[in-house]
Amino acid sequence: MSLSNIYFILVRPQIGENIGSVARAIKNFNIKYLRIVNPKCSWPSQKALATSVGAKDILNSAKIYDSVEKSIGDLDLIFASSSRIRKVNKKVISVVNLKKEIKKGKKIGILFGSESSGLTNNEISCADYLVKIPSNKKFSSLNLSHSAIIFCFELFKHFSRDKFQFKSAYKSSIASKSEVNKFLNFIIKALDKKGFLQPNHKRQSMIRNINNIFHRLNLSEQEIRILLGIFSTLNEFNKKSWIDKRISLFINLKDKYDKKTSFKAQSW
């Protein structure tokens, strides 16, 4: 049993863009078969092709039927999507539990109704199960393609053998504790010079807090180098700023002295 046994069936879809979006959704999750029953929009639809983006092959291979009965004739197990609980004798399940009802080796059809009214009770009568998507009870009607993609995701999780573990493409290794400690020693020495770690009886507590901050961040080697560069640049900037202030002060004092001596010479 695999995703190749899954068939999405749109009954009386009204908007070409929604059909295209469903085609895109099912291809996103490696489902290949789309069937359409009595489309209300013109077909083939250029709007559907436009919104399908890279899933034009799904639309081009989609089969058109004039009844629900014909669209499910070669299938074994049918699930009907519905936002409402119907007064029909059908088992109602959550889409989350869809996988529990899937039978091995069976061809499965998923029915979706029109955008405005959903599936009729007659259309639902062909299904084995009614499937609801848990949502806001006061506003439970989803867009057609949104409903479809939720079904796709649940089916994809069920049939996929992958463990869905994703690795970052970031290549720099996590910095060793030794590298982090060297960086922290650099910071603490700089802070000591600036008199930041005062008063003295709070110094150890402040250092401990600084250590806690940087050790829990899992910084990479590259990030340590960047931070070292930033703090070094700021330190150099502060040194230059201090020198510039002293030069400016000297120039101001010299100007005042020159003016004072010039005034005395004129008075003499």
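Here are a few things to note about the model shown:
Yes or no, residue by residue, for (1) among the small types (Gly, Ala, Ser); (2) within 30 Å of Ile102 (Cα to Cα); (3) within 26 Å of the chain's Cα centre (by Cα); (4) not assigned by TED's automatic domain parsing to the domain that holds Ile102:
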{"position": "Leu130", "(1), (2), (3), (4)": "no, yes, no, no"}
{"position": "Ser140", "(1), (2), (3), (4)": "yes, yes, yes, no"}
{"position": "Gln165", "(1), (2), (3), (4)": "no, yes, yes, yes"}
{"position": "Lys189", "(1), (2), (3), (4)": "no, no, no, yes"}
{"position": "Phe196", "(1), (2), (3), (4)": "no, no, no, yes"}
{"position": "Pro199", "(1), (2), (3), (4)": "no, no, no, yes"}
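- When Ala169 is tested against the conditions (1) within 17 Å of Ser94 (Cα to Cα); (2) part of a loop (DSSP other than H, G, I, E, B); (3) aliphatic (A, V, I, L, M), the lone failure is (1).
- Picking from residues in the stretch 122-131 that are in contact with a helix residue (DSSP H, G or I) (Cβ under 7 Å, 6 or more places away or on another chain) and not β-branched (Val, Ile, Thr), the one that is surrounded by the fewest Cβ atoms within 10 Å (Cβ to Cβ) is Tyr129.
- Boolean, Val95 is within 12 Å of Leu130 (Cα to Cα) and surrounded by 13 or more Cβ atoms within 10 Å (Cβ to Cβ): yes
- Gln14 vs. criteria of a type in the set (S, T, N, Q), farther than 19 Å from Ser141 by Cβ, surrounded by fewer than 17 Cβ atoms within 10 Å (Cβ to Cβ) and assigned by TED's automatic domain parsing to the domain that holds Ile149: no
- On inspection, Asp66 qualifies as of a type in the set (Asp, Glu) and either over 25 Å from Phe156 (Cβ atoms) or without any contact (Cβ under 8 Å) to a residue 24 or more places away in the chain (or both).
- Qualifying residue in the stretch 230-246 (condition: in contact with a helix residue (DSSP H, G or I) (Cβ under 7 Å, 6 or more places away or on another chain), surrounded by 10 or more Cβ atoms within 10 Å (Cβ to Cβ) and at pLDDT below 80): yes
- Any hit, the stretch 107-125, residues being on the phi > 0 side of the Ramachandran plot, without any contact (Cβ under 8 Å) to a residue 60 or more places away in the chain and under 31 Å from the mean Cα position of the chain (by Cα): yes
- Test for Ser116: is it modelled with pLDDT under 95 and surrounded by 17 or more Cβ atoms within 10 Å (Cβ to Cβ): no
- Matching entry among Asp162, Asp192 (being within 24 Å of Glu236 (Cα to Cα) and of a type in the set (Asp, Glu)): Asp192
The values are calculated or read from the model by the stated rules, or taken from the named source; none is laboratory data. What you see is a predicted model; the values in this text were computed from it and never measured. No Cβ is skipped: glycine too gets one built from the backbone with ideal geometry, and neighbour counts run over all protein chains shown.
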